[in-house]
1. Among the residues of region A:26-43, count how many are open to solvent by less than 10 Å² (accessible area, probe 1.4 Å) and either facing chain B (nearest Cβ under 7 Å) or part of a loop (DSSP other than H, G, I, E, B) (or both).
2. Any residue in region A:376-392 that is within 14 Å of another protein chain (Cβ to nearest Cβ) and free of Cβ contacts under 8 Å to residues at least 24 places away in the same chain?
3. Identify all residues within region B:190-210 that are aliphatic (A, V, I, L, M), more than 9 Å from chain A (Cβ to nearest Cβ) and open to solvent by 30 Å² or more (accessible area, probe 1.4 Å); write none if there are none.
4. What number of residues within region A:343-367 are more than 18 Å from residue A:425 (Cα to Cα) and of a type in the set (S, T, N, Q)?
5. Inside region B:66-87, can you point out the residues that are open to solvent by less than 50 Å² (accessible area, probe 1.4 Å) and either of a type in the set (Lys, Arg) or under 18 Å from residue B:10 (Cα atoms) (or both)?
6. Need pairs with beta-carbon distance below 7 Å; first residue at the interface with chain B (Cβ under 7 Å from one of its Cβ atoms) and among the basic types (Lys, Arg) and within region A:1-25, second part of a loop (DSSP other than H, G, I, E, B) and open to solvent by less than 50 Å² (accessible area, probe 1.4 Å); sequence gap 6+ or separate chains.
7. Within the set of pairs 6+ apart or on separate chains, which have a first residue in region A:411-428 that is under 22 Å from residue B:107 (Cα atoms), a second that is part of a loop (DSSP other than H, G, I, E, B) and of a type in the set (A, V, I, L, M, F, W, C), and C-beta atoms under 6 Å apart?
Amino acid sequence: MNELPKSVRDELARQQRSEEHPDANLLSAYSEGNATPAERANVEAHLAVCTDCRETLFLAAPPAPVAEMPRPAAAQQRSRWFPVWVPWAAAAAMIVGVGTLTYTSRHHEASKLARMSEQPSPTAPKAESSEPAQYAAPSESNSKRSPAETERNADSKSLRGDEAAVESSGGPSKPQQASAPSTPRHVYARGGPTNQAQNSQSTLNSQIAQSQVAPAPPPASNEAVEVQSNAGVTQTDVAQNAASGAPAKQEKKDAAALDTLTENRVSAAGSQATPTARASAELKSVPPQTPSRYGAQSTAVEVTAESTASLQKAKPAKEPSMRWRITRDGVVEQSVERGAWTRVEGLPDGVRFTVVQIVARDVWAGGSGDLLAVSHDRGATWQAVQLPGAGSGNIAKIEFRDQQHGTVRDSEGRSWVTSDRGSTWQQQPR
Amino acid sequence: MNDGPQAETIAAARARSVATRTYASSHAAEYGLSASDWEQAITAVAAKYCSGMTEAECSALLENLRHEELALTRGCAAGNENAWEVFLTRFRAPLYSAAYGITRNDADGRELADSLYADLFGIKDAGADRRSKLLYYMGRGSLEGWLRTVLAQEWITRKRRTQREVSLDEQAEAGKQFESTASAAAPTGTNSALGAAVSAALAALAPEERFLLVAYFLDGRTLAQIALVQRVHESTVSRKLDRLTAALRKEIRKRLIANGLSPGAADEALEEVDVRDLEVKVRENLKQESPPSAF
């Protein structure tokens, strides 16, 4: 860029003066390209000499388009000519032949035991007593499940048929109980199995945004005013894989979702141990069926998820596979071993949840009022996380590249980072 | 279309025609506006902006208004519940988001947004004369853009007010003599020739060009920021600035030589650029732009 002579700068500065300012209508019309040529010239002539109006113009400019997020390191490896999962799948096929018989017999018994009592991992850290709030789940609710409960009629959870389900499971598929959902299409994202140290290396990240809904009743309703005009919606289930020793399996299915999908990105984070599962999801949205002046309403969305799992040798103990989802009403639900969906206990009431992320044994849930909650024991107990400077937005994204390092963003542009597994959070400048 | 009664009649006729055509599409009825109310709204816009315009220009301006948002604001100003419901659903979140973006501070942002809400509701003006600020929206640009601009104007007004108060207090306590806001001493000799050449060269620039120079070199805006408000690519702004500064140098040099300076002296006069010194001088010049303190 050429430099400007000092004399010119001085003269420009001397020309600054206060005179009649264009009103907000003209300034915004100018900024949006709606001013007539004559108005444009007048506004620019004024802007050249008025510091305040220039500052107004730049402050009022709409936010710049968000740059595309850099692809995570794992995704960058996809530039190879063959998909990354191929060598893993090949190795998996070899191990399948060796371990199938042993696995199936042990797995059946172990899953039965796991349903009856869920034992915490010996390496899982205890919840900090200094956490500001703790929401303890009933001790038995999520861990013990009788065979009868797994056969619970799906009609009691009527939302299931309308919601996309994303399941992450490293284990081989097994015959389902009668309570399997009747929804014809589901999305399954495979995650990697946990290792012997119960340091699950699979991470699924589902992005769930607030849905656009019909105009709410009078402004007293917080739900009505939290709707963003251009927010998209998705509902996905996030499954947490706890199986171990399972051969990798690739699975891809379509699911019919409830609402408009804006973003659903599933990625796996490697842990300090061997890198494991990696999942990716692709979404495409269907044009709104009933457009209205209030914005797009519910639309059908097709979600496909594709994941690959790394291989693990047989593990001595494994936890039951768990699936997570958020209903249309913002309720977090859980399914153990493909059983019935049950509401997760221990989360704070009155919160409309919008996003769930699983990182090993940690489950992060975010919702309205910038509320963030975490469970370090796969949903048995929960703690509320105090985000500094939290506002009235909705948690829009939770991303963890490993168990320690994560980022949270809300719908109003705030973001926070942690590097100690969520013990402390630092708000980032906007 | 000239100014005067005839022009007003033409503008009113244009407004009536546009109002009739857009009454349904603007959803004015849903916001509690009668056809007459809607016509009044369009006529007010025509009265404000159509003076000095030809009939075709006036028609184009009225046709290109944001009719639905204009109807919404008029409905809100009239206290229509449905209008307020729609307004809050669509604009509450962007309003707070814009306020946070402007103030870079959650507390200030919330306070700024809440204050604007009070103005929009017309709470601050009690009694029968209560008047919503939404009545000032004329539909020239988007309502969201207008709200952002109003927020920005309010924020700047507050900042200026606070800066004047703070500087008075701090400087008084320090015993500092308040400085005159008079400009630097008048240039003499070569400086006066240079000053005249610079003034003439700047006066010959188009308004957009002067705006670009000031925004980039005085305000320190980035190419990206300028590109955003100009709705062009960054590279376009960069090229324009490059061409502009080169052309400006050439023009000033030509004028200096025409005024009797040798080419060498003209180049020397233009080359007295020390970037560090420049930045200091710019800051000093910018300080002089502040309204004079009342003391």
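1. Residues that pass the stated criteria total 3.
2. For region A:376-392, residues within 14 Å of another protein chain (Cβ to nearest Cβ) and free of Cβ contacts under 8 Å to residues at least 24 places away in the same chain: present.
3. If the condition is that a residue be aliphatic (A, V, I, L, M), more than 9 Å from chain A (Cβ to nearest Cβ) and open to solvent by 30 Å² or more (accessible area, probe 1.4 Å), then B:196, B:200, B:203, B:204 are the ones that fit.
4. Selection size over region A:343-367: 1.
5. B:74
6. Within 7 Å, the pairs are A:6/B:273.
7. Short answer, once both residue conditions are applied: A:416/A:387; A:416/A:425; A:425/A:387.
Yes/no per residue for (1) of a type in the set (S, T, N, Q); (2) out of contact with any helix residue (DSSP H, G or I) (no Cβ under 7 Å at 6 or more places or on another chain); (3) over 30 Å from residue A:369 (Cβ atoms):
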{"site": "B:10", "(1), (2), (3)": "no, no, yes"}
{"site": "B:21", "(1), (2), (3)": "no, yes, yes"}
{"site": "B:26", "(1), (2), (3)": "yes, no, yes"}
{"site": "B:31", "(1), (2), (3)": "no, no, yes"}
{"site": "B:63", "(1), (2), (3)": "no, no, yes"}
{"site": "B:86", "(1), (2), (3)": "no, no, no"}
{"site": "B:89", "(1), (2), (3)": "yes, no, no"}
{"site": "B:103", "(1), (2), (3)": "yes, no, no"}
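The values are calculated or read from the model by the stated rules, or taken from the named source; none is laboratory data. Quantities reported herein were computed from a predicted structural model and do not represent experimental measurements. When we count neighbours, we look across all protein chains shown, and the Cβ atoms used for this are built from the backbone with ideal geometry, even at glycine. For accessibility, only protein heavy atoms count, side chains too; no ligands or nucleic acids. Shrake-Rupley method; radii C 1.70, N 1.55, O 1.52, S 1.80 Å.
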